[in-house]
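Every number in this text was worked out from the coordinates using simple rules, so none of it is lab data. Everything numeric here is computed off the predicted structure, so don't read it as measured data. Virtual Cβ from ideal backbone geometry, glycine too; neighbours counted across all protein chains shown.
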Amino acid sequence: MIDVVLPVLDEVEAIGWVLQRLPGGYRAIVVDNGSTDGSGARAAALGATVIDAPVRGFGAACFAGLQAATSELVCFMDCDASLDPGLLPTVVAAVRRGDADLVMGARRPQRGAWPPHARLANRWLARAVNRRLGTHLTDLGPMRCARTEDLRALGLRDRRSGWPLEMVLAAGSAGWTVDEVPVPYLRRAGRSKVTGTVAGTLRAVKDMQAQLTAHDHAPPTTVHPRPAASTAEER
């Protein structure tokens, strides 16, 4: 079984579609980050494990989900129907084989799925990461997979919008192999709380700029991922 952390804030419109498309062998951990539309109750009714993260923030929700995960591998993805959970095995494959330590789904958007301001901000961030880590990333996508204990050992601290970037920077600095695979990016259900507006995107970029600055002044890290192991849990 592989745990899938799904941060949720008022996603009742999308949560059914997401959970029903989760492949066999994957367990949904829905982290309710203060929803007022019944998202948590809806997820529980559909059989998901639901935990509450009352402190608002994307990173806070992701951290709570990571702490609740019990599988050797853990995945993260948005729960707004913009990403098809049926593609999770594609993201997981390289980590399972030991070819990479952190793999992200690089979004390939359908028309109208990704606001231009958000796409430009993400492209700028990907280039900033590549300059620092020597990677060749095109996206810092929210669908991703890594080994659970290795990810915990990175000691990620951001509890806001900088969490996704902090994960990549910390992983690269620790000597991890960071890679990506292309995944379709669909029109989300409902309105984005972050990139749906220019103001939301600017707040996210501010959080991520803080992560870039912190990375540039941080001493080298020594958290190395463990070798991949073939276990019954991963089969």
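Structure summary
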quantity: Computed FRET value (nearest 0.05) for ARG131 with VAL55, which takes r as the C-beta separation and R₀ as 35 Å; calculated: 0.60
quantity: Viscosity 1.002 mPa s, 20 °C: Kirkwood-radius Stokes-Einstein D of the chain over Cα pairs, µm²/s; calculated: 121 µm²/s
quantity: Residue with peak Gaussian network fluctuation, the chain [Cα springs, cutoff 10 Å], from GLY59, GLY112, GLY175; calculated: GLY112
quantity: Net lengthening on full extension, ARG27/ALA44 (0.36 nm per residue, minus Cα-Cα); calculated: 4.9 nm
quantity: DSSP-loop trypsin sites (Lys or Arg not before Pro) across segment 61-118, with at most 15 other Cβ within 10 angstrom; calculated: ARG111
quantity: In nm, spacing of pseudo-spin labels at ASP99 and GLU13 (7 Å Cα→C-beta vector); calculated: 3.7 nm
